[in-house]
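**Q** Handing you this structure, nothing more for now.
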Amino acid sequence: MSRGNRKGDSKRYYDWIYHAYIDRLSALELCKDTTLYDAAAFHCQQCIEKALKGYLLYKSRHLLDGHNLTWLCKQAAMMDSSFVQWLDESAVLNRYYIETRYPADIPMEIDGGTMESLMTMSGDMLDFICDQTGFDFRSYHKKSRRSERKTEE
């Protein structure tokens, strides 16, 4: 699936990985309060969704649509078979896209051990994708839209 020329979505793969890193940092902060584990788990899912989309954009120059991490991971594996190692993690993280944000008859319980596992999975996957793309959060400086507009004028 491809979004085509949808306005607003960056075609710069490093922007996607940058935002994945921001989700990772958000999850780390949210983990400090156990009542925010649902939100932290959602940010772990978002981290990998954005990182995978960034990787796929890096390799194919096409922005893929969708939120299913396993599908995105399989797309990445078609470009680099080393992504197969992340299929199980992507399936686990998939569960935290919807269930963490909406009320359910049987609520999802996230304890400290589960949260630690989600943080490890998403951190390891993000590190792997950063290695594959050469992305370094510390040296990346995202341009503001205002400065981009000034250079275009």
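**Q** Quick one: which helices (runs of 4 or more DSSP H) lie wholly within the range 68-136 and hold at least 2 residues that are surrounded by fewer than 18 Cβ atoms within 10 Å (Cβ to Cβ) and of a type in the set (D, E, K, R)?
**A** 112-133
**Q** Does residue 37 count as of a type in the set (Ser, Thr, Tyr), modelled with pLDDT of 95 or more and buried (at least 20 other Cβ atoms within 10 Å of the Cβ)? Don't jump to the end; show me each part of the working.
**A** Details: of a type in the set (Ser, Thr, Tyr): yes; modelled with pLDDT of 95 or more: yes; buried (at least 20 other Cβ atoms within 10 Å of the Cβ): yes.
Judged against the criteria, residue 37 is a match.
**Q** For residues in the range 70-99 being at pLDDT below 95 and charged (D, E, K, R), which is nearest to residue 119 (Cα to Cα)?
**A** Here the answer is 95.
**Q** Follow-up. Going by what's in this entry, would residue 111 be described as among the charged types (D, E, K, R) and in contact with a strand residue (DSSP E or B) (Cβ under 8 Å, 6 or more places away or on another chain)?
**A** Here the answer is no, as residue 111 does not meet what is asked.
**Q** Then there's this: Out of curiosity, is residue 30 surrounded by fewer than 22 Cβ atoms within 10 Å (Cβ to Cβ), free of Cβ contacts under 8 Å to residues at least 24 places away in the same chain, in contact with a Leu (Cβ under 7 Å, 6 or more places away or on another chain) and under 28 Å from residue 138 (Cβ atoms)?
**A** Against the criterion (surrounded by fewer than 22 Cβ atoms within 10 Å (Cβ to Cβ), free of Cβ contacts under 8 Å to residues at least 24 places away in the same chain, in contact with a Leu (Cβ under 7 Å, 6 or more places away or on another chain) and under 28 Å from residue 138 (Cβ atoms)), residue 30 qualifies.
**Q** Would you check if residue 99 is under 22 Å from residue 30 (Cα atoms) and touching a Pro at 6+ places or on another chain (Cβ under 9 Å)?
**A** Taking the combined requirement at face value, the residue satisfies it.
**Q** Another one. Filter the range 1-16 for residues that are in contact with a Leu (Cβ under 8 Å, 6 or more places away or on another chain) and in a helix (DSSP H, G or I); which is modelled with the highest pLDDT?
**A** 16
The values are calculated or read from the model by the stated rules, or taken from the named source; none is laboratory data. What you see is a predicted model; the values in this text were computed from it and never measured. When we count neighbours, we look across all protein chains shown, and the Cβ atoms used for this are built from the backbone with ideal geometry, even at glycine.
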